[in-house]
Amino acid sequence: MKAKANQIIDQVVSDLRRMEATLSGDDTALMSVWDEIKEQVQNEESFYWDTYVETMRDFISSAIMDAKEAGNFVLPPYCEEDDPDDEIEEAYLQLLLSRAESEPIECRPFDFKYFCYRLLDFTAYGMVLKRTGLSTCLAKVFSTATPSGEAGTVEVSRIDCLLTEEEFKAAEKQRWPETWDCD
């Protein structure tokens, strides 16, 4: 049975996911090379973008060769049997980049769970629910204005102070004091 064109893309994505994210730096929050690619496609290409493209092309070429050897190669959409190999590989690259554009970026969790920041004239107390980007998280935020909490996206650059679980629970017991001393 012949494979679908998406199976080649799935194989390439699987291979890229197995590669550790390294070009973004030793302290990157990104989970894999595939996440580095998605980050660049969705936001901004890095200085090393050409290296990523070359890596994607190498994996695509290898996946095509494997599919041909197995007898289950399928042309990508809009390609013909007599198209040169580089055009077929380019079509697969465009499919891969399209997938990178629409797939969520996976990041390692933050190394903190509780925080607070000044909001207008009071303190907001947050609990990270999930990291949603390199510098954003989904959090439940509490304050005197919203004592039962509100879920929303928080940019970590706005955080003034990290809290321990005990400090967070102490603020909760105090019904979210308007000011919190971070010292």
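List of remarks:
- For region 114-173, alpha-carbon Rg relative to the globular expectation (2.2 N^0.38 Å, N residues): 1.02
- FRET efficiency for the E101 to E178 pair, using the beta carbon distance and R₀ = 41 Å, is estimated at 0.40.
- Using 0.36 nm per residue and subtracting the Cα-Cα separation, the extra length available between Y78 and T22 on full extension is 16.7 nm.
- Cross-link pairs K113/K169; K113/K140; K4/K38 - those with Cα-Cα distance over 18 Å: K4/K38
- To the nearest ten degrees, helix 33-42 and the longest principal axis of the Cα atoms of the chain are 80 degrees apart.
- Loop-resident trypsin sites (Lys or Arg not before Pro) (DSSP state other than H, G, I, E or B) in region 1-86 with no more than 15 further Cβ atoms inside 10 Å of their Cβ: K2, K4, R18.
- The Kirkwood radius of region 18-81, taken over pairs of alpha-carbon atoms, gives through the Stokes-Einstein law at 20 °C and 1.002 mPa s a diffusion coefficient of 158 µm² s⁻¹.
- For region 1-88, the set of chymotrypsin sites (Phe, Trp or Tyr not before Pro) satisfying both a DSSP loop assignment and a count of at most 11 other C-beta atoms within 10 Å is given as F47, Y78.
- Taking N as its residue count, the alpha carbon Rg of the chain over 2.2 N^0.38 Å: 1.44
- log₁₀ of I(q)/I(0) at q = 0.25, 0.28 Å⁻¹ - region 94-146, Debye sum with one point per alpha carbon: -0.95, -1.06
- In the chain, taking the dipole from charged Cβ atoms about the Cα centre, the farthest positive-side position among I60, A171, L129 is held by A171.
- Across the chain: Cys residues that no other cysteine approaches within a C-beta distance under 4.7 Å: C79, C107, C116, C137
- Cα→Cβ-extended label distance, 7 Å offset, between L134 and E165, nm: 3.1
- Label-to-label distance, nm, for residues given as K4 and N43 (7 Å Cα→Cβ offset): 3.1
- Ellipticity estimate at 222 nm from DSSP helix runs (n ≥ 4, -39,500 (n - 2.57)) divided over the chain, nearest 500: -13000 deg cm²/dmol
- Of the GluC sites (Glu not before Pro) found in region 47-88, those in coil by DSSP whose Cβ has at most 12 other Cβ atoms within 10 Å are E80, E81.
Coordinate-derived values only; no laboratory data. Since the structure is predicted, the reported quantities are computational estimates derived from the model, not experimental observations. Every residue, glycine as well, gets a Cβ built from its backbone with ideal geometry; the counts of neighbours run over all protein chains shown.
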